[in-house]
Amino acid sequence: MTYYDREDQFLRQRLQKEIPILTALIKNLYGELDKKFHLNGAKVPVTFGFDTDSLGSYTRRSAHEKEHFHFSLLFIAYGVKNPLPKEDRIDLFKHEYAHYMQYNMQIPEQYKWQTGTHGSAWKYCCSLVGAAPTPYYKAGEALMNHDYDKVLKNRIHDKSVPIRDTYRRLQTAQKQKDEVVQYKLGDTVTHPKFGNGVVEKINQRSGGVHLHIRFDGEVKCIDQKWLSRKKYT
Ligand SMILES: [Zn+2]
């Protein structure tokens, strides 16, 4: 269960009211681009959430997921404390549309040399729609003149501001890592405060592993990330 305080709840309710306006804005933009490139991006469902670590994403259809665009209201809504400048909001929409394009249109051979979600195919699509050809969000970037020719030939080395969909993938990887059970029943563990204990029960949870540990006669439930293995200390 997630706990939100009242103020946060009110903010979320207020931001949710922007969904129809934002959806119209996105569909309108994608509709224009569709006409230009003979695609159907405006027909792809758009979902919204309150992600704190990702501005937007495009998900391809797979065995486990439906194709969709997803945007965080905490970034793209107008009613947040620090709303995105208009140009950056549009640039984010184009950034995700470029992801849609890279998997839904013919990419010329000369733009296939660099693999990856933000590889040369995606950069080529960015050049077509006028999106900033960088995977990382930086305020004001949408207003810059981009040298597409240069970025299409060179790799982007700047990895200092990982925010957009890239950051989300890093987070997912970390979350999956945290969910790997590192202990077995009967293991002796050391907790910085409670000292040595023995693992009696293991519960795998989303984002972590909870262990029931007996310390000196008392059982406590602790996430494995707070422990260090006795044998390593
Ligand atoms: Zn991206």
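With a cut-off of at most 15 other beta carbons within 10 Å, and DSSP calling the residue loop, which trypsin sites (Lys or Arg not before Pro) in region 72-101 qualify? Please list them.
In loop regions of region 72-101 (DSSP not H, G, I, E or B), the sparsely surrounded trypsin sites (Lys or Arg not before Pro) are Lys81.
Which pairs break 30 Å Cα to Cα here: Lys43/Lys123; Lys35/Lys81; Lys66/Lys112; Lys36/Lys86; Lys17/Lys86; Lys66/Lys94? Intermediate results must be reported in sequence, preceding the final value.
Values: Lys43/Lys123 23 Å; Lys35/Lys81 35 Å; Lys66/Lys112 26 Å; Lys36/Lys86 22 Å; Lys17/Lys86 19 Å; Lys66/Lys94 20 Å.
Flagged as over cut-off: Lys35/Lys81.
Using modelled backbone amide H atoms (1.01 Å from N, in-plane), which distant-in-sequence or interchain residues come within less than 5 Å of Gln114's amide H?
Long-range HN contacts for Gln114: Ser120, Ala121.
Do you know the relative contact order of region 181-232, to the nearest whole percent, from alpha carbon pairs under 8 angstrom that are 6+ apart?
33 percent
Would you mind counting up the charge near Ala121? Only other residues with Cβ under 13 Å from its Cβ, with Lys and Arg at +1 and Asp and Glu at -1.
Here the charged neighbours net out to +1.
Check Thr47: other-chain or 5+ apart residues with amide H under 5 Å from its amide H, H built from backbone geometry?
Hits under the 5 Å cutoff: Phe69, His70, Phe71.
The numbers here are math on the coordinates, done by the rules we state, and not lab data. Quick caveat: nothing in here was measured; it's all calculated off a predicted structure. Heads up, the Cβs are rebuilt from the backbone with ideal geometry, glycines too, and the neighbour counts pull from every protein chain shown.
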